[in-house]
Amino acid sequence: MEKRKQYRHLNAFVLLALAEAPSHGAAVHDALLHKLPVFKADTGAVYRALQKLERDGEIASGWDTGQSGPPRKVYRLTPLGWERLAFWKGDIETRMRILSVFLEAYERLSPPEPDEAGAKQ
């Protein structure tokens, strides 16, 4: 699958993960890997998505210094992020309806017999 198309809904899934719980970047990536077995985005793509979402005001960050080790940048949704998450929900529902039309039509098809397929060429 082309990488760009694979990442089409990356922001939606990052927002969803953060809606479930504020997290640091590696935890977001791990959550995506756990929930989406076919997810192949590298950590760099997730961090780029986090940066863009923060620039766009959909998430905000703060530093967690309560853990041992170095401080971690923890992200959470902003009110704008919640609005954007609702947009993604609608977008994905629409895409699912459109794709289900394709799948239902495909299921009704009967492939031509091998000799019929050759005769039509």
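When Phe13, Phe87 are screened for being hydrophobic (A, V, I, L, M, F, W, C), open to solvent by 50 Å² or more (accessible area, probe 1.4 Å) and in contact (Cβ under 8 Å) with a residue 12 or more places away in the chain, only Phe13 passes.
Specify the residue that is surrounded by the fewest Cβ atoms within 10 Å (Cβ to Cβ); the eligible residues are those in segment 43-83 that are charged (D, E, K, R) and over 17 Å from Ser23 (Cβ atoms). Of everything passing the filter in segment 43-83, Arg55 is surrounded by the fewest Cβ atoms within 10 Å (Cβ to Cβ). No other residue among Val14, Val28 is farther than 15 Å from Ile92 by Cβ and either among the aliphatic types (A, V, I, L, M) or at pLDDT 95 or above (or both) apart from Val28. For segment 90-100, residues that are open to solvent by less than 90 Å² (accessible area, probe 1.4 Å) and of a type outside the set (Ser, Thr, Tyr) total 4.
Here Gln51 passes the criteria (1) farther than 22 Å from Ile92 by Cα; (2) touching a helix residue (DSSP H, G or I) at 6+ places or on another chain (Cβ under 8 Å) except the one numbered (2).
The values are calculated or read from the model by the stated rules, or taken from the named source; none is laboratory data. Everything numeric in this text was worked out from a predicted model, so none of it was measured. Reconstructed Cβ throughout: ideal geometry from the backbone, glycine too, with neighbour counts over all protein chains shown. The accessibility values were calculated without ligands, DNA or RNA, using every heavy atom of the protein model including side chains. Shrake-Rupley method; radii C 1.70, N 1.55, O 1.52, S 1.80 Å.
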